[in-house]
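Structure first, commentary second.
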Amino acid sequence: MNKDKYFILDFDSTFTKVEALDELGEISLQHEHNKAEILQEIKNLTNSAMNGNSSFYEGLTKRLHLLKANKAHLQELIAILQQKVSDSIQRNKAFFEEYADNVLIVSSGFKEFIVPIVLPFGIKEENVHANTFKFDKQGNIIGFDEENVLCRDKGKIKLLDKLGLSGDVYVLGDGYTDYEIKEAGLANKFYAFTENVARDNVVEKAEHFAPTLDEFLYQNNLPMAISYPKNRIKVLLLENIHPNAVELFTKEGYQIETAAGALNEQELCEQIKNVSILGIRSKTQVTAKVLQHANRLMSIGAFCIGTNQIDLDACLKAGITVFNAPFSNTRSVVELALGEIIMLSRRIFDKSIKMHQGVWDKSATGSTEVRDKKLGIVGYGNIGAQLSVLAEAMGMQVYYYDVVEKLQLGNARKCESLQELLQIADFVTLHVDGSKRNTNIFGKAEFDAMKPGAIFLNLSRGHVVEIAALVEALQSGKLGGAAVDVFPHEPATNDEPFINELRNLPNVILTPHIGGSTTEAQENIARFVPSRIMQYINTGNTYQSVNFPNIQLPELKDAHRLIHIHANVPGVLASINNALAKNEVNILGQYLKTNEQIGYVITDIDKAYDKQVIDELRKVPQTIKFRILY
């Protein structure tokens, strides 16, 4: 270990996520009627001092007077601060233990609550430099040791000058007083720590930035808990993905870029550079050409059910995982289908248009109940099965057809062929996947086979239906109505016009691909997809990936986890293990899954290993991607 490097860390809003005196005020002032006003005044004094806009000594004196705190409050404060240690500090405990002699906490806070928080991280008590309280006989905090230079303006400068550290000094903090150490020439580098708070005047002056401790350790080639700082992972979210996803990715520490609409192929080729995670919905096409420009892409999230807009085969060959949301918007689609079945059977849509035009058409002609009618579901997956249950609860008789054997729910009856279903059903609704094999599976022959006056719904994918054949069936009177939510060609943004032959036909409900567009569905999707992607990034788990072999493992403590993606050919696993054996690396656990094209290996190894083994694993023949998780 290099003994001539010293690491100076601030405590408030750096080692912990909060300002300790602000938290102490929440405790000591809990019974004060004007608590909120006093706390705001304390925070204003804190911020003013941290931004370098006021006398630190005067501000500290005023804050302690306002706090009205007692020694008894400190244990409660310590318990709170233990839960408020910064995330990147917590996961890098090993760094503090290894560099215990060289890490110094230099704070204008107080030893009474700082020492109990930092000691469990291996930081030595003698390396904690901070103020100390003065108490009266009743244990009330009445002031601080005024002989301590840290209670004074420029106190950190005076302390560092007194310490006279011989070697390189690195300062990590969020306040102006931390920057002043570098400004005074007492530190080689100052890093503005912005994980918890970013103070404008500090950020403006700083030459170096540490959004997390991981970034600081990465820049200085120091041991870190994860292989790559999360703040360097760039996420591109397109097509108005719900803000919950942005919030989750931001909380994880990633860089986020968003766009309201879809991007065309050329635009995406330009935007995908340096992107690690791509989030899309149904309109953005992720082609092989796009992937050729994706130099850092690790994972794609389809914030919807379908993934036919993504070249899954090309993703697999490039070692890029793809996740979707197979269940999150199921209920929303089902409810829309049920609503449209009722609306079409009652011809509500046409009646409503006439009413808006001032026409009173009170008539029961062509209006029927859905009870006792036969519903034919084509595609008995998550949506089809749930629709089956709810439709049956409304008194409908349910029939279904699927190319894959499925367990029917309730009293639903399986049809042996599509033709059988079409001849039976009063309503036919499509809920098939968007794979190429389903292109134009519904055309003239299928519409001709349906019962006269039957109603047709497509809430699956636009390319599965021949629109011209549907138009002909509606115009000829073969069908009694239709509801269509998806189309072969859809506008990329809301500013583009919708052009389709189905417009202005009677008893036809057209919706702009909103089957899953409810608040609940979008919130569910925005939680589900990021959680799957972050699980993959953090642990290597590929559970519920649509293109990768599925592996789900718990995180292993005191170990390194290696991820190896390779072409599925004989001998690769042997080459991996030979490299580990040659370098005397002990394997704690190893898990391999394959599909027709790739092999995916997760290997957990002992903490201690020769870095040469990493280079050798990268050079194993047929390697697609290799990375160290932690």
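Taking every C-alpha pair closer than 8 Å and separated by at least 6 residues, the mean separation divided by the residue count of segment 330-517 gives a relative contact order of 20 percent.
Return the tail of the calculated pair distribution for segment 330-373, meaning the percent of Cα-Cα pairs more than 16 Å apart. Of the Cα pairs, 46 percent sit more than 16 Å apart. Using alpha carbons only, how many angstrom separate the centre of segment 390-435 from the centre of segment 338-357? Going from one Cα centre to the other spans 24 Å.
Taking a 32 Å limit on the Cα-Cα distance, which of the listed pairs Lys17/Lys557; Lys71/Lys607; Lys436/Lys619; Lys234/Lys593; Lys351/Lys451 fall beyond it?
On the way: Lys17/Lys557 24 Å; Lys71/Lys607 42 Å; Lys436/Lys619 36 Å; Lys234/Lys593 28 Å; Lys351/Lys451 24 Å.
As for pairs spanning more than 32 Å Cα to Cα, those are Lys71/Lys607; Lys436/Lys619.
Each residue of segment 36-51 is assigned a 3J(HN,Hα), and the resulting list reads 4, 5, 5, 4, 5, 5, 4, 5, 5, 5, 4, 5, 4, 5, 5, 8 Hz, derived from the Karplus form 6.51 cos²θ - 1.76 cosθ + 1.60 (θ = phi - 60°), x at Gly and Pro.
The ranking of Thr594, Thr177 from fewest to most other beta carbons within 10 Å of each one's beta carbon is Thr594, Thr177.
What would the Debye equation give as log₁₀ I(q)/I(0) for segment 330-517 at q = 0.11, 0.15 Å⁻¹, counting only Cα atoms as equal point scatterers? Evaluating at q = 0.11, 0.15 Å⁻¹ gives log10 I(q)/I(0) of -0.46, -0.87. Cα centroid distance between segment 201-228 and segment 9-50, in Å? Going from one Cα centre to the other spans 26 Å. Legend: ranking of residues Phe498, Phe487, Phe113 from fewest to most surrounding C-beta atoms inside 10 Å; resulting order Phe498, Phe487, Phe113.
Relative contact order for the chain: 9 percent, from Cα pairs under 8 Å spaced at least 6 residues apart, divided by residue count. Scaled against the 2.2 N^0.38 Å expected of a compact globular protein of N residues, the Cα radius of gyration of segment 444-562 reads 1.60.
Near Leu457, the amide H atoms lying under 5 Å from its own belong to Val428, Thr429, Leu430, Ala483; only residues 5 or more places off or on other chains count, and H is placed 1.01 Å from N.
On a 0 to 90° scale, report how tilted helix 56-67 is relative to the longest principal axis of the chain, with both axes built from alpha carbons and the result rounded to the nearest 10. Between helix and principal axis, roughly 70 degrees. Taking the C-alpha atoms only, the angle from helix 382-393 to the longest principal axis of the chain is near 60 degrees. One quarter of the convex hull surface built on the alpha carbon atoms of segment 233-323 amounts to 5.0 nm², the projected area averaged over directions.
Pop out the Kirkwood hydrodynamic radius of segment 107-148 from its pairwise C-alpha distances, inverse of mean 1/r, in Å to one decimal. Intermediate values should be presented prior to the final figure.
Working: mean 1/r = 0.0897 Å⁻¹.
One decimal place: 11.2 Å for the Kirkwood radius.
The radius of gyration of the Cα set in segment 151-235, together with its Dmax, comes out at 13.8, 45 angstrom. Convex hull volume of the C-alpha atoms in segment 553-630, normalised per residue: 78 Å³. Kirkwood radius for the chain, taken over all pairs of different Cα atoms as the inverse mean of 1/r, rounds to 29.0 Å. Listing Ser531, Ser363, Ser86 from fewest to most neighbouring C-beta atoms within 10 Å gives Ser363, Ser531, Ser86.
Here the convex hull built on the C-alpha positions of segment 1-159 has a volume of 115 cubic angstrom per residue.
Rule-based calculations on the coordinates, nothing more; no lab input. Here the structure is a predicted model, which is why all the values come from computation and not from measurement. Methodologically, a virtual Cβ is constructed for each residue, glycine included, from the backbone with ideal geometry; neighbour enumeration extends over all protein chains shown.
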